[in-house]
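Report on one structure; see the data block that follows.
Coordinate-derived values only; no laboratory data. Note that the coordinates shown come from a computational prediction; the quantities given were computed from them, not determined experimentally. Here the Cβ positions follow ideal geometry from the backbone for every residue, glycine too, while neighbour counts run over all protein chains shown.
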Amino acid sequence: MLDAHIVSSSRGVDARLRVESGATLALLGANGAGKSTILECLAGIVSADAGSARLGSTWLHQGRSRLAPGRRGVAILTQDDTLFETMTVGDNVAYGLRSRRVSKPRARARAHEWLDVVGLSGADEARPGTLSGGQRRRVAIARALASEPTLMLLDEPCAGLDAEASTRIRMLLARLLVSVTAIVATHDAIDAHVLASHVAVLEDGAVTEHDSVDAVMERPRTAIAASVAGLVLLRGTRTATGIALDGGGVIAAESDVVVGAPALVAVRPADVRVARHNDVPLRPSARADGVIVERVSAIEPRGDRVRVHGARLAGDVDAATAAQLRLDEPVAFTVPHCRAYGDSRDSV
């Protein structure tokens with residue numbers, strides 16, 4: 001098990017993480033939230049200022065005392081793969097083993113085995129420069145896992161790959177990480193669903209939410225988790241019949257939350273109806289049925305649908321409806337009857 005408290009004052013990180021042995025944690029966060037810093041501190045590439053990290057019975061660092069990177073049993077897969085261009089693919093995969101003083105024949109044999117595992121059989125003598133982006137990522141994965149790490153760290157493992165290559169890499173990692181303790185830093189919900197059992201949400205260098213993948217993706221408690229899950233998060237207070245939203249408006253909702261307590265609702269934009277303000281009768285009773293009037297802040301094409309954003313809400317419409325809308329004009333968002341949940345957060 002990994003139990004870590006990572007503090008890097010210069011990078012604004014103060015985060016606690018726990019990953020059970022053999023499990024994969026998805027570390028979600030926007031760019032600049034501190035995801036890469038946490039991975040680099042665990043790998044020993046960057047020195048933590050304080051805190052501690054223990055991997056099984058091994059202390060990776062305690063305060064400013066730290067274990068050398070080569071003795072940690074930690075492998076990291078970075079976004080740029082960092083392959084040695086002057087080495088063959090086989091030598092790249094064998095590099096970690098050779099640095100641990102494994103004999104050259106044995107390291108080369110293990111490299112060959114791992115290239116078979118990642119679907120690059122026969123590529124031993126190729127040069128990295130001749131490979132596609134997806135193939136380079138496979139070589140980097142083989143190199144990381146060939147050393148049989150106790151902890152595997154992956155920083156945006158599908159970044160920079162096209163859709164087909166991303167899908168293949170995810171399926172490969174899902175198979176290879178089954179018995180490996182791992183952390184996947186990402187901002188992609190697909191990575192979380194395919195690779196991880198739990199999610200930790202990182203905001204401004206701190207973990208603000210931690211739960212199972214299903215709980216975080218279906219009942220997010222932070223804006224970043226809701227965004228990754230493709231949901232709109234609404235905050236408010238439980239009433240006898242629904243939720244009185246912060247900022248005004250009432251929506252109908254079922255909930256086990258006690259009346260008067262803070263409550264959350266996660267809404268799918270595809271389920272929200274959008275209409276021009278003048279096209280909707282806004283009687284007082286209509287507001288209690290989930291009609292919220294806001295000004296259009298953005299209009300975003302999404303395939304054959306168009307997403308209309310307000311200050312708090314968003315809804316998907318067809319192109320013909322979107323063509324009638326203008327930025328800053330009032331529109332009515334109709335929120336469907338939904339289920340609310342409590343506003344408590346579990347931090348690691």
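So here's what we get for this one:
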| read-out | value |
| --- | --- |
| Relative contact order [Cα under 8 Å, 6+ residues apart], segment 118-238, whole percent | 16 percent |
| Relative contact order [Cα under 8 Å, 6+ residues apart], the chain, whole percent | 16 percent |
| Three-way shape label, segment 208-338, alpha-carbon gyration tensor, a/c 1.5 | oblate |
| Segment 231-342 - percent relative contact order, Cα under 8 Å, separation 6 or more | 33 percent |
| Loop-located GluC sites (Glu not before Pro) in segment 104-201, at most 15 other Cβ atoms within 10 Å (DSSP) | 125 |
| Potential extension, residue 59-residue 148 segment - 0.36 nm per residue separation minus Cα distance | 30.2 nm |
| Formal net charge of residues neighbouring residue 1 (Cβ-Cβ distance under 10 Å; K, R +1; D, E -1) | 0 |
| Dipole magnitude (debye, nearest 20) for the chain, charges at Cβ of Lys, Arg, Asp, Glu | 940 debye |
| Excluding exposed DSSP-loop trypsin sites (Lys or Arg not before Pro) (at most 15 other C-beta within 10 Å), longest clean stretch of the chain | 102-325 |
| Options (i) -0.29, -1.00; (ii) -0.22, -0.97; (iii) -0.22, -1.08 - which one matches log10 I(q)/I(0) by the Debye sum over Cα atoms at q = 0.06, 0.13 Å⁻¹ as calculated here | (i) |
| Length released on extending from residue 20 to residue 329, taking residue separation times 0.36 nm less the Cα-Cα span | 106.2 nm |
| Viscosity 1.002 mPa s, 20 °C: Kirkwood-radius Stokes-Einstein D of segment 86-187 over Cα pairs, µm²/s | 155 µm²/s |
| Max mean-square fluctuation residue, GNM over the chain, Cα-Cα springs under 10 Å, options 65, 166, 57 | 57 |
| Extension reserve of the residue 178-residue 130 stretch, reckoned as 0.36 nm per residue once the Cα distance is removed | 14.2 nm |
| Euclidean distance of C-alpha centroids, segment 65-121 and segment 187-205, integer Å | 26 Å |
| Positive dipole terminus of the chain, leading residue within 47, 310, 243 (C-beta point charges) | 47 |
